[in-house]
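Inspection log for the structure reproduced underneath, given as structure tokens.
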Amino acid sequence: MKQKILWVDDEIELLRSHIIYLTEKGYEISTVTNGEDALEEIKNNNFDIIFLDEMMPGMGGLKTLGYIKEISPNTPVVMVTKNEEESVMNEAIGSKISDFLIKPVVPSQLLLVLKKILDKKKISSEFVAKDYLNDFNQISVQLSQELNHREWTELYTRLVNWQLELDLHPDIGLQQTLEEQIKEANKEFSKFVERKYRRWISGSENEIPDLTPDIVRKFVFPHLNESAPTFLFVLDCLRYDQWLILEKHLAEFFNIKRDFYMSILPTATPYARNALFAGLFPSDIEKYYPDLYSGNSDDERSMNKYEKEMLQQLLNRHKIKLNNELKYMKIIDPDVGRAFEQNISSHRNTHFMAVVVNFLDMIAHGRSDSNILREIAPNESAYRSLTNSWFSHSSLLGTFKAIARMPNSKVIVTTDHGSIRTQRGAKVLSDKEASSNLRFKFGRNLKVDDKNAVFIKDASEYKLPKRGLSINYIIAKEDYYFVYPTEYHKYLTYYKDSFQHGGISMEEMILPIITMENKLK
């Protein structure tokens, strides 16, 4: 079907050669010479695009544009004018034109603007499909090779970039292909972690990635040499793809630098976030904070009570002297977040403040139990969209904007772990005292297929808390989740396609560390 153009110009006869050119290119063109006739045409016909002269006798172009937007608000309008005054351009842009052309125009300009507005998505989709299929082959070759931790991070970020790119082009039908490639990548990544992890944490590997206990020391402490306010935000359960969604809202206010690190195992809050604040592995935390891992409790809130104290001890061990008291805030509900946003300016003289934000983790867990959230976010793309919707209306965005107005302030944003969309159940046997987590468990007499999980007989090899004699751990690989034999099919169905954490996957382990400096100098 031909695309229809309405061209409004009081000197339309002088543009006849342009009209013939576009007709030959396959466009159907209607012409009128004034604003009144243009509005009548738009009321009676549907047009794909409108070329509108800015200077016409009677109803001028800008006034006509206002009426056009009332009648057909979604029809793109290109303003064509001899007037190069900036004020005219600003007024036209403010009235939501799609593009601007200065007379005299040449046919190639017209064709370019038509393709940019009408055919951009189709042309872009064709190139995206071609580029991804080329990259698909390159990534497949990489997955057959021995990769180091830097190469795994680079490969994961490429895959995430393709996720976001294909979100913009759902009609080309490559999402399933990408999902399968990510699944294959996670299979190889799990093997890589299983081979390397114990060597990383023991220090016996030649190349060791930055790990959770290193992060505050390496990425936060250097900024504390200055007296300007430094904020550490830990967004619980933040994945790299979600960060890229958030970053779009922040680039206007901050200069942003990205780094990455590997989470410790299990990728769960009681282990990873405590390790982040303490600068210690969980076995050392058990040694120095024995009450933290007493008993068999795996309640995340009860096991993260001492984050400020652990962070203060880390500062003390490294002889970091702050200009004033360390500040700490945990945001677990919208009211607390709004109050913090309203009072953030009171921290302009605070030397160092740590802020934990739990909303993303609540969304991930809430989706498992809420049919409405499952309906809103049925897949990865929709989950990212849900993240965008939350952040764009959140007090957290307002807080970041307020910090951006503090001269010389620094913001470090990171997370304790990510999450993965679980797809496959792994049957597990244990005694009744075993922990209830879906992606990792600790207890006695744990049994699971080693294709689906890492079995940890000796907790000290993974620098995990011993929790007493005869306690073992299992950690799920790839996208598996643990299900007990009792009512197996019920829970297999209930937790399938939910977002979980605690296991081994790129999404849970390869995590962003973001350094943001405000643009006010």
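Quick look at the values:
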| item | result |
| --- | --- |
| Residue list for the range 345-366, restricted to those being among the β-branched types (Val, Ile, Thr) and at pLDDT 95 or above | Thr350, Val355, Val356, Val357 |
| Some residue of the range 149-166 being at pLDDT 95 or above, crowded, with 17+ Cβ neighbours inside 10 Å and more than 20 Å from the chain's Cα centre (by Cα) | yes |
| Residues being crowded, with 24+ Cβ neighbours inside 10 Å and in a loop (DSSP other than H, G, I, E, B) - total across the range 487-521 | 4 |
| Residues of the range 239-271 that turn out to be under 20 Å from the mean Cα position of the chain (by Cα) and closer than 20 Å to His149 by Cβ, as a count | 12 |
| Flag if Val32 is in contact with a Leu (Cβ under 6 Å, 6 or more places away or on another chain), surrounded by 15 or more Cβ atoms within 10 Å (Cβ to Cβ), β-branched (Val, Ile, Thr) and in the same structural domain as Ser98 (by TED's automatic domain parsing) | no |
| Any chance Asn437 is surrounded by fewer than 21 Cβ atoms within 10 Å (Cβ to Cβ), among the polar types (S, T, N, Q) and not assigned by TED's automatic domain parsing to the domain that holds Tyr271 | no |
| Any hit, the range 443-455, residues being surrounded by 14 or more Cβ atoms within 10 Å (Cβ to Cβ), touching a helix residue (DSSP H, G or I) at 6+ places or on another chain (Cβ under 7 Å) and closer than 22 Å to Val193 by Cβ | yes |
| Verdict on Gly398 being at pLDDT 95 or above and closer than 29 Å to Lys490 by Cβ | no |
| Arg198 vs. criteria modelled with pLDDT of 95 or more and closer than 30 Å to Arg348 by Cβ | no |
| Pairs where the first residue, in the range 114-129, is closer than 10 Å to His169 by Cβ and the second is of a type in the set (Asp, Glu), C-beta under 8 Å, 6+ apart | Ser125/Asp171; Val128/Glu165 |
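Listed here are the residues, each with its yes/no results for (1) among the polar types (S, T, N, Q); (2) in the same structural domain as Tyr480 (by TED's automatic domain parsing); (3) touching a residue at least 60 places away in the same chain (Cβ under 8 Å).
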{"position": "Ser346", "(1), (2), (3)": "yes, no, no"}
{"position": "Met362", "(1), (2), (3)": "no, no, no"}
{"position": "Gly366", "(1), (2), (3)": "no, no, no"}
{"position": "Ser392", "(1), (2), (3)": "yes, no, yes"}
{"position": "Val411", "(1), (2), (3)": "no, no, yes"}
{"position": "Ala426", "(1), (2), (3)": "no, yes, no"}
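Table: residues versus (1) in contact (Cβ under 8 Å) with a residue 24 or more places away in the chain; (2) among the hydroxyl-bearing types (Ser, Thr, Tyr); (3) more than 26 Å from Val356 (Cα to Cα).
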residue	(1), (2), (3)
Ile372	no, no, yes
Thr399	yes, yes, no
Thr415	yes, yes, no
Ser430	yes, yes, yes
Arg467	yes, no, yes
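The values are calculated or read from the model by the stated rules, or taken from the named source; none is laboratory data. If you're wondering where the values come from, they're calculated on a predicted model, not measured in any experiment. Using ideal geometry, Cβ is built from the backbone for each residue, glycine included, and neighbour counts are taken over all protein chains shown.
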